[in-house]
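Take this structure, written in structure tokens, and hold onto it; I'll ask about it next.
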Amino acid sequence: MTTAIQRGLAPVRAVLPNGAVVIAKQSPTTPAVTLHASVRAGSEFDPPGQPGLSHFISRTIDRGTATRPADRIADELDDRGVSLAITINRHAMWLVCTCLVEDLDPILALLADVVMHPIFPREEVETRRGEITTLIRQDEDNPATMAAEGLLADLYGASHPYGRRPRGSVESVETIDRAALRAFHAERFRPASLSLVLVGDVEPGRAIDAAGRSLGAWKGAPPAASTLQAVAPAASRSVRVIPMMNKAQADIAYGFISLRRSDPDYYAYWLMNNIFGQYAIGGRLGDRVREREGMAYYALGSLDANVIPGPLTIRAGVSPDNVDRAMAAIDEELETFAHEGPTGKEFAESRQYLIGSMPRTLETNPGIANYLQTEEFFGLGLDYDLRVPDLLNAVTRDQVHAAANRILVPSRATAVIAGPYAGQVR
């Protein structure tokens with residue numbers, strides 16, 4: 001794996017005549033191949049009044065096609081020892097599976113059929129509706145989920161694609177019928193919205209040819225472009241409490257709107273977030289709140305720089321008695337980091353950690369496939385894995401300090417506390 005990283009992944013990228021993108025990487029480690037299909041049909045495209053429609057699609061798209069009923073799809077996968085995972089985020093829906101090399105053609109044909117020709121059988125739709133309703137109610141009973149979703153709603157607005165609940169509401173899910181599912185599929189599932197990555201013990205030319213046989217007959221004009229709008233960062237502090245008095249733990253979601261993935265400052269922010277909320281036992285945040293003061297069951301930070309400025313989020317789960325102390329500790333650590341910046345040791349170790357950890361993300365075929373999909377989605381280039389060390393090494397300690405000073409401002413923070421808390425923290 002180390003040799004491969006030193007030489008670069010060097011995948012082969014092809015665009016089929018219908019606009020579908022195919023990326024192939026030969027990896028002879030095991031006699032298997034991972035298929036990772038990404039369709040730009042995420043929750044940002046949910047129509048007004050029907051939040052959760054794309055999530056509903058992700059739960060029903062593999063439940064029958066024009067030529068394969070659900071039980072036949074399941075049997076074809078089971079007979080070859082294949083499990084199909086379907087996930088969704090704001091921007092894309094992913095269909096991922098791994099099969100033996102000799103099964104590539106039939107599994108590709110099945111995957112293409114699921115993507116192109118789902119019929120959303122009535123009985124399957126009703127079954128999945130009940131399951132989704134249960135998931136939504138479980139979310140509403142989970143302080144961590146309510147805090148996280150509440151934070152995004154407060155940062156972006158409840159009607160913005162980043163602020164909407166990805167599964168929708170019980171009420172919106174009740175309005176989704178087969179016609180809505182078919183209309184969304186027809187609108188968003190087009191060849192030009194698909195990128196297919198194949199990673200495994202198969203020569204790239206053969207993999208691309210196989211993809212062409214399965215997808216080449218698919219027709220359709222490119223879908224409408226995204227109209228996602230950026231949101232201005234908050235100018236003042238906001239703290240909201242979601243009372244859940246029957247729970248034992250309070251969850252804190254605290255954050256800011258950060259920057260786009262394409263912003264040149266991304267690498268300074270990446271390092272900053274790692275130092276503050278992720279490195280070792282959770283960076284400065286985890287060391288202060290969880291380790292030294294013993295207040296939190298977990299404490300971490302995450303940076304979601306995206307196609308628009310995404311959230312930088314701080315999360316902590318604490319005893320209700322420790323909410324005020326934990327919020328004060330977060331504020332203090334933010335102010336200290338923004339004022340002083342990272343130490344030389346923190347900066348050097350975190351940068352080396354990010355550079356050194358990349359090979360671990362590329363140890364498996366699914367890991368490589370996911371990485372290549374990220375490269376494709378953000379237009380990072382097929383040589384991005386070779387450029388990452390230089391991009392991180394070019395960041396200075398002063399740039400990380402400047403990034404922290406720019407964004408880690410408690411007086412402009414947005415926070416949501418969910419759980420059995422009845423205090424007045426501000």
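Here are Thr98, Thr87, Thr67, Thr34: which of them is touching a Phe, Trp or Tyr at 6+ places or on another chain (Cβ under 6 Å) and modelled with pLDDT of 95 or more?
Answer to the check: Thr87.
OK, next. Quick check on Ala179: is it free of Cβ contacts under 8 Å to residues at least 60 places away in the same chain, exposed (fewer than 15 other Cβ atoms within 10 Å of the Cβ) and hydrophobic (A, V, I, L, M, F, W, C)?
Yes, satisfied.
Which of the residues spanning region 182-210 are over 24 Å from Gly379 (Cβ atoms), hydrophobic (A, V, I, L, M, F, W, C) and touching a residue at least 40 places away in the same chain (Cβ under 8 Å)?
Once the filter is applied, which keeps residues that are over 24 Å from Gly379 (Cβ atoms), hydrophobic (A, V, I, L, M, F, W, C) and touching a residue at least 40 places away in the same chain (Cβ under 8 Å), region 182-210 yields Phe184, Val202, Ala210.
Residues that are at pLDDT below 95 and surrounded by fewer than 19 Cβ atoms within 10 Å (Cβ to Cβ): list the helices (runs of 4 or more DSSP H) wholly contained in region 202-295 that include at least 1 such residues.
Where helices (runs of 4 or more DSSP H) fall fully within region 202-295 and carry at least 1 residues being at pLDDT below 95 and surrounded by fewer than 19 Cβ atoms within 10 Å (Cβ to Cβ), they are 279-285.
Which number in (1) farther than 23 Å from Phe189 by Cα; (2) among the hydrophobic types (A, V, I, L, M, F, W, C); (3) surrounded by fewer than 18 Cβ atoms within 10 Å (Cβ to Cβ) marks the one condition that Cys99 misses?
(3)
Here's another thing I want to ask about it. Could we say that Ala248 is more than 30 Å from Arg128 (Cβ to Cβ) and out of contact with any strand residue (DSSP E or B) (no Cβ under 7 Å at 6 or more places or on another chain) here?
It is true that Ala248 is more than 30 Å from Arg128 (Cβ to Cβ) and out of contact with any strand residue (DSSP E or B) (no Cβ under 7 Å at 6 or more places or on another chain).
While we're here: So for region 112-127 (the condition being surrounded by fewer than 21 Cβ atoms within 10 Å (Cβ to Cβ), touching a residue at least 24 places away in the same chain (Cβ under 8 Å), basic (Lys, Arg) and more than 25 Å from His160 (Cα to Cα)), does at least one residue qualify?
Yes, region 112-127 contains a residue that is surrounded by fewer than 21 Cβ atoms within 10 Å (Cβ to Cβ), touching a residue at least 24 places away in the same chain (Cβ under 8 Å), basic (Lys, Arg) and more than 25 Å from His160 (Cα to Cα).
Those residues that are touching a helix residue (DSSP H, G or I) at 6+ places or on another chain (Cβ under 7 Å) and among the acidic types (Asp, Glu), I need them from region 71-91; list them, please.
Result: Glu76, single match.
The values are calculated or read from the model by the stated rules, or taken from the named source; none is laboratory data. What you are looking at is a predicted structure, and each value in this text was computed from that prediction instead of being measured. Cβ coordinates were reconstructed from backbone atoms using ideal geometry, including for glycine residues, and neighbour counts include every protein chain displayed.
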